[in-house]
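Novice: Take this structure, written in C-alpha cells, and hold onto it; I'll ask about it next.
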Amino acid sequence: MKLTDKLSKETIELMQRFNDDAVRRLNDDLYPIAPDLVEMLIDSIYGNIYQRGVLSIKERHIATLSALIAMGSSERQLSFQGLAAYKLGITKEEIQEILIQNAIFSGFTRAMNAAVVLDEVYKKYLQGKDNEA
C-alpha cells in the first residue's frame, strides 16, 4: 500500500502546493524506510496543522521557516520548506526579513547558514527544479 492511498484529497492537494514532487518523494524515498513515522508526520503537518484556521498558510509557513532557522542543522528540511515558501507566494524580500528577524533572536551564524540554503533554493525555484529542493 502506498502512502497516498491513506491520505485525503485535501492533504494531497496541500502537499502539492508546497512541492509538486512531494508526494512522489514521500512514496518512493521516505515511506518505505519509516511508514509509521511518515504517516504521523504528514497527518500532523498537512492533515491537521496547516488546515487549521486563524493563521493563514503563509503565516504558518513563516513560523515554520523561523523554527527551522532557529534550530540550525536542518538544511534538508529548510531546503524543502524554503521551496514551499516561494511556491506559497512568500517573496525573496520577505525571506530576507525573516532571516534578519531570526538573526537577532537565533544568532547571525544560524541566519547566515539559512541564507545560503535559501539562496540555493531560490535559484532552483526559478529553474522549476522542485525535485532538487
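Novice: Enumerate the pairs (first residue in the range 1-23 and more than 13 Å from residue 41 (Cα to Cα) and among the acidic types (Asp, Glu); second residue anywhere and modelled with pLDDT under 85 and open to solvent by 40 Å² or more (accessible area, probe 1.4 Å)) with beta-carbon separation below 6 Å, excluding pairs fewer than 6 apart on the same chain, so at least 6 apart or on different chains.
Specialist: 21/131
Novice: Within the range 109-124, identify whether any single residue is outside the structural domain of residue 19 (by the TED database), open to solvent by 70 Å² or more (accessible area, probe 1.4 Å) and of a type in the set (A, V, I, L, M, F, W, C), and answer yes or no.
Specialist: Yes, because at least one residue in the range 109-124 is outside the structural domain of residue 19 (by the TED database), open to solvent by 70 Å² or more (accessible area, probe 1.4 Å) and of a type in the set (A, V, I, L, M, F, W, C).
Novice: Cβ-Cβ below 6 Å, separation at least six or inter-chain, first residue in the range 66-80 and closer than 11 Å to residue 133 by Cβ, second outside any helix (DSSP H, G or I): which pairs?
Specialist: Final answer for the pair search is 79/133; 80/133.
Novice: If I go through the range 25-54 residue by residue, how many of them are under 14 Å from residue 131 (Cα atoms) and either loosely packed, with under 14 Cβ neighbours inside 10 Å or touching an Asp or Glu at 6+ places or on another chain (Cβ under 8 Å) (or both)?
Specialist: 2
Novice: Tell me, which helices (runs of 4 or more DSSP H) wholly within the range 26-133 include 1 or more residues that are over 30 Å from residue 5 (Cβ atoms)?
Specialist: Result: 57-71, 75-87, 92-106, 108-127.
Novice: Is one or more of the residues making up the range 3-13 farther than 25 Å from residue 115 by Cβ, part of a loop (DSSP other than H, G, I, E, B), modelled with pLDDT under 90 and in contact with a helix residue (DSSP H, G or I) (Cβ under 9 Å, 6 or more places away or on another chain)?
Specialist: Yes.
Novice: Residues 95, 90, 100: which one is open to solvent by 20 Å² or more (accessible area, probe 1.4 Å) and either under 10 Å from the mean Cα position of the chain (by Cα) or at pLDDT 95 or above (or both)? Even if it seems obvious, please write down each step before you answer.
Specialist: Details: 95 fails: open to solvent by 20 Å² or more (accessible area, probe 1.4 Å); 90 fails: open to solvent by 20 Å² or more (accessible area, probe 1.4 Å).
Only one candidate passes the filter, namely 100.
The values are calculated or read from the model by the stated rules, or taken from the named source; none is laboratory data. Note that the structure is predicted; figures quoted are calculated from it, not measured. Don't worry about glycine lacking a Cβ; one is built from the backbone with ideal geometry, like all the others, and counts go over all protein chains shown. All accessible areas refer to the heavy atoms of the entire protein, side chains included, with ligands and DNA or RNA removed. Shrake-Rupley method; radii C 1.70, N 1.55, O 1.52, S 1.80 Å.
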